[in-house]
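K.L.:
I am attaching a structure below and will ask some questions about it afterwards.
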Amino acid sequence: MGIQLLGVAMNGVTGRMGYRQHLTRSVLAIREAGGVPLPDGDRIIPEPILVGRSETKLRDIARQHGIERWSTDLDTVLSDDTVQIYFDAQITSAREDAVRAAISAGKHVYTEKPVAATLDAALELAKLARDAGVRNGVVQDKVFLPGLLKLRRLVDSGFFGRILSIRGEFGYWVFEGDWQQAQRPSWNYRAEDGGGIVLDMFPHWHYVLEHLFGPVRAVTARAVTHVPRRWDERGRPYAATADDAAYAIFELDGGVIAQINSSWSVRVDREELVEFQVDGTEGSAVAGLTGCRIQHRALTPRAVWDPDTATSDDHRGRWQQVPDNGEFINGFRAQWERFLRHVHTGEPFPHDLLSGARGLQLAEAALQSSRSGRRVELEEVELA
């Protein structure tokens with residue numbers, strides 16, 4: 001068995017997402033498992049090189065996990081021939097320049113989304129990567145989660161018949177930060193720093209809809225700021241200039257309609273923080289992060305509207321759980337493994353920078369729709 005080492009520069013691992021999901025639960029977990037197996041019996045083992053602005057934080061993380069290499073100098077890391085991949089989990093406003101530098105240095109690129117602040121910038125990055133001949137990918141973790149993998153299984157099996165509609169509910173209450181600490185960083189609520197729920201979540205909804213149900217062709221949206229005043233990490237009040245909730249209708253190929261509510265100003269009354277209900281002529285399903293429930297046409301009860309009589313029906317109790325039928329690993333790790341195989345073997349990887357650009361296109365179209373009060377159609381996004 002041969003070992004194929006890939007040096008991975010990981011920028012942004014001092015943040016919550018970069019550290020928990022990408023470093024410890026993905027790259028280090030892959031190393032601890034002996035690497036990513038290849039068809040010929042070889043294994044790919046990623047060698048992380050930590051990059052960031054805080055020398056103290058990087059040193060502490062490296063010491064805790066036995067990582068030998070770290071640096072606060074991105075240019076020096078990118079000039080290192082032992083580094084083949086650049087990964088970015090920084091704040092959105094810092095990502096574009098770093099990804100551009102990595103492409104210029106000839107590194108394969110894997111990045112969190114949104115890949116840039118604007119669609120034009122995202123398309124430029126995709127063009128630069130294509131012209132440089134570097135492999136590239138965007139984190140699109142939701143489609144690797146157990147609940148949506150089960151939903152994918154239902155779609156592929158034809159369970160729904162003709163799909164009619166999708167309804168999504170996402171969100172939870174993010175504390176303002178005065179009497180209880182906020183669960184999200186303050187920059188998320190400042191538009192000038194790249195914050196906003198549309199920019200953060202609509203790229204997610206785009207790839208979920210695109211990969212499971214079909215391309216998004218038009219959007220009608222309303223983005224709002226329900227909580228205009230919040231408190232930052234130092235306890236100082238600030239004006240929330242970014243949207244913290246958005247309500248949207250997406251039109252897909254084939255006449256499928258998707259409605260998704262996204263909010264950081266909502267209290268949860270559902271089984272999971274995000275749920276998608278899919279209704280079709282032959283059956284329906286409700287999928288979350290881990291679970292998926294179904295109701296087939298033949299088992300659908302006959303509901304009768306009678307507002308004068310209290311109902312005793314247990315509507316949720318009539319749904320059936322979709323079995324796991326296998327083991328599911330962490331969704332971020334699953335996509336990391338696919339990207340590492342893509343870099344080493346050229347295995348197809350549809351979650352590229354162009355796909356990330358299409359997600360950003362949807363976010364921009366939704367914000368345009370919110371400002372104008374109009375339905376906005378999406379044109380095909382292609383590289384010149």
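Nothing in this text is a laboratory measurement; each read-out follows from the coordinates by a stated rule. Since this is a predicted model, take the numbers as computed values, not measurements. Glycine also receives a Cβ, built like all others from the backbone with ideal geometry; neighbour counts cover every protein chain displayed.
K.L.:
Of 70, 93, 37, whose Cα points farthest to the positive end of the dipole of segment 1-103 (charges on the beta-carbon: +1 Lys, Arg; -1 Asp, Glu; origin at the Cα centre)?
P.N.:
93
K.L.:
Further question: Could you give the nm distance between label points at residue 303 and residue 63, where each point is 7 Å from its Cα heading toward the beta carbon?
P.N.:
With each label placed 7 Å out from Cα toward Cβ, I get 5.9 nm.
K.L.:
Counting other beta carbons within 10 Å of each residue's own, what order do 207, 189 fall into, fewest first?
P.N.:
207, 189
K.L.:
Quick one: how many lysine pairs in the chain have C-alpha atoms under 20 angstrom apart, if they're 8 or more apart or on different chains?
P.N.:
4
K.L.:
Sticking with this one: In what order do 342, 108 fall by count of nearby beta-carbon atoms within 10 Å, going from fewest to most?
P.N.:
Ranking 342, 108 by Cβ neighbours within 10 Å, fewest first, gives 342, 108.
K.L.:
When only C-alpha pairs under 8 Å and at least 6 residues apart count, what is the relative contact order of the chain, in percent?
P.N.:
Worked out over the chain, it gives 20 percent.
K.L.:
Below 8 Å between Cα atoms, with a sequence gap of 6+, how large is the relative contact order for segment 26-105 in percent?
P.N.:
With pairs under 8 Å counted, the relative contact order is 18 percent.
K.L.:
In Å³ and rounded to a whole number, note down the convex hull volume per residue for the Cα atoms of the chain.
P.N.:
Each residue corresponds to 171 Å³ of Cα convex hull volume.
K.L.:
Now for a separate question. Treating the beta-carbon of each Lys and Arg as +1 and of each Asp and Glu as -1, no other charges, what is the dipole magnitude of segment 260-344 about its Cα centre, to the nearest 20 debye?
P.N.:
About 360 debye.
K.L.:
Between the DSSP loop rule and a limit of at most 14 other Cβ atoms within 10 Å, which trypsin sites (Lys or Arg not before Pro) in segment 1-97 are left?
P.N.:
Loop-located and lightly packed - 53.
K.L.:
Report, in debye and to the nearest 20, how large the dipole of the chain comes out about its Cα centre when Lys and Arg carry +1 and Asp and Glu carry -1 on their Cβ.
P.N.:
460 debye
K.L.:
Of 96, 176, 112, which has the largest mean-square fluctuation in a 10 Å C-alpha GNM of the chain?
P.N.:
Comparing 96, 176, 112 in the GNM, the peak value goes to 176.
K.L.:
Give the dimensionless ratio obtained when the Cα radius of gyration of segment 280-384 is divided by 2.2 N^0.38 Å.
P.N.:
This ratio for segment 280-384 stands at 1.67.
K.L.:
For a footprinting-style exposure proxy, rank 165, 104, 26 by other Cβ within 10 Å, fewest first.
P.N.:
So the ranking, lowest neighbour count to highest, is 104, 165, 26.
K.L.:
Only Lys, Arg, Asp and Glu count, each charged at its Cβ (+1, +1, -1, -1), so figure out the dipole size of segment 61-150 about its Cα centre, rounded to 20 debye.
P.N.:
With Lys and Arg at +1 and Asp and Glu at -1, about 440 debye.
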